[in-house]
Amino acid sequence: MSWTSQEVRLAARPTGRPDASTWEFTTTQVPDPEPGQLVVRVELLSLDPAMRGWLNDVRSYLPPVGLGEVMRAIGAGRVIASAHEDFAVGDAVSGMFGVREFALSDGTDLTRLDLDLAPMGTWLGALGMPGMTAYFGLHDVGRVQPGDTVLVSAAAGAVGSTVAQLAKAKGARVIGVAGGPEKVAWLRELGLDEVIDRREGSLMRAVRRAAPQGIDVYFDNVGGELLDAALANLARGARVVICGAISSYNDETLAQGPRRYLALLVFRATMQGFVVFDYADRYPQAVAEISQLITDGRLVATETVLEGGIVAFPDALLGLFDGVNIGKLLLRL
Ligand code: NDP
């Protein structure tokens, strides 16, 4: 038996927003697994802002996706054939399968998913890589404490919505920034103390108004203008967590650096970046805590699932930059 699998390959490195010329669709036959291998039918594909960075031929925490290679992507699905002693047909798993419908795997770096604990989509969101990013960024890098004022950008997204709720659970006062009234309303329902619509008015003034005593932790997912607004409004000893800078990922020229960086001196603050993969050995601790909060009704895990199958991948990825998602953005294959 073999399976016909559509795949998406990198055809050309994009300048600015990826478009049709960035991608090539190919078809391959996935063979029966050899001893020690298994085949996964990928059901949900994770759309991550980092995927844009992986297209650039620059030095980073992972090598760039090579021209002609299958696009790197996290996915989740079920084992449909197995000659691997640790995995049986029907097991739900996640892994770095790439943008493809069927994946042949030797089991390395696969995560078994407990669907009794949470549905498959949540294992790519609050209990997956974005949730781990939120947990370690907020606790280890941000060193959040009860009573802190926490500002989080892209607060209605996968990482941001988890950060906001973990910070609330820790006893912080939480200010979220998101784009548009629907996201603002959703974040208010989640119980955030203040929500700023990034599309309305001056960010600098809005942050000052929301945090008159200053910000203790800024969890930065977007960079740009909001990073400057946060820096200008820090509290003494603040921690600025550099998680991402989605506002610049499609820029054709290098982004303008933070103009307010001297605030780090004035407020005796730190600004530190991190990569979630460095915390892999502690993921079980984060999964246990986040799943407990979900079970207790103190953390809402939400996903936006796009339909359309693998051919919808190019547009689905752009959805991140257009802000189409509440919670984790996924594509159903
Ligand atoms: P999200 O689910 O937050 O989706 C992206 C969101 O970013 C959009 O919904 C939109 O929200 C916002 N956005 C898009 N364009 C802009 C813009 N120009 N300016 C401001 N906001 C914008 O994605 P993730 O939760 O997966 O990722 C969030 C961040 O975390 C990214 O920067 C990502 O690179 C980073 N990350 C870092 C990791 C690490 O190890 N350091 C690991 C994983 C993610 P809205 O409409 O509300 O503005």
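Taking the criterion of being within 17 Å of Leu234 (Cα to Cα), away from the ligand (no atom under 15 Å from the Cβ) and touching a residue at least 40 places away in the same chain (Cβ under 8 Å), the only residue of segment 168-198 that qualifies is Ala172. Going through (1) in a loop (DSSP other than H, G, I, E, B); (2) in contact with a strand residue (DSSP E or B) (Cβ under 6 Å, 6 or more places away or on another chain) one by one, Ala81 falls short only on (1). Kindly indicate whether any position in segment 121-135 is farther than 21 Å from Leu47 by Cβ and either at pLDDT 95 or above or open to solvent by 40 Å² or more (accessible area, probe 1.4 Å) (or both). No, the conditions are met nowhere in segment 121-135.
In the condition set (1) in contact with a Cys (Cβ under 9 Å, 6 or more places away or on another chain); (2) open to solvent by 60 Å² or more (accessible area, probe 1.4 Å); (3) acidic (Asp, Glu), Asp251 is compliant with all but (1). Taken residue by residue, segment 1-23 has at least one member that is assigned to a strand (DSSP E or B), farther than 22 Å from Leu329 by Cβ, modelled with pLDDT of 95 or more and open to solvent by 10 Å² or more (accessible area, probe 1.4 Å). For Val207, the stated conditions hold: it is open to solvent by less than 20 Å² (accessible area, probe 1.4 Å), within 15 Å of the ligand (Cβ to nearest atom) and more than 21 Å from the chain's Cα centre (by Cα).
Of all residues in segment 25-68, exactly one satisfies the criterion of being free of Cβ contacts under 8 Å to residues at least 12 places away in the same chain and among the charged types (D, E, K, R), namely Arg59. May I ask you to say which residue of Val305, Val324, Val276, Val300 is over 17 Å from Val207 (Cα atoms), free of Cβ contacts under 8 Å to residues at least 24 places away in the same chain and within 16 Å of the ligand (Cβ to nearest atom)? Within the list Val305, Val324, Val276, Val300, the selection yields Val324. For Glu189, the test of being over 22 Å from Pro49 (Cα atoms) and in contact with a helix residue (DSSP H, G or I) (Cβ under 6 Å, 6 or more places away or on another chain) is failed.
The values are calculated or read from the model by the stated rules, or taken from the named source; none is laboratory data. Model, not experiment: these values are computed from the prediction. We place every Cβ from the backbone using ideal geometry, glycine too, and count neighbours over all the protein chains shown. To get the accessible areas, we keep the full protein, side chains included, count just its heavy atoms, and leave off ligands, DNA and RNA. Shrake-Rupley method; radii C 1.70, N 1.55, O 1.52, S 1.80 Å.
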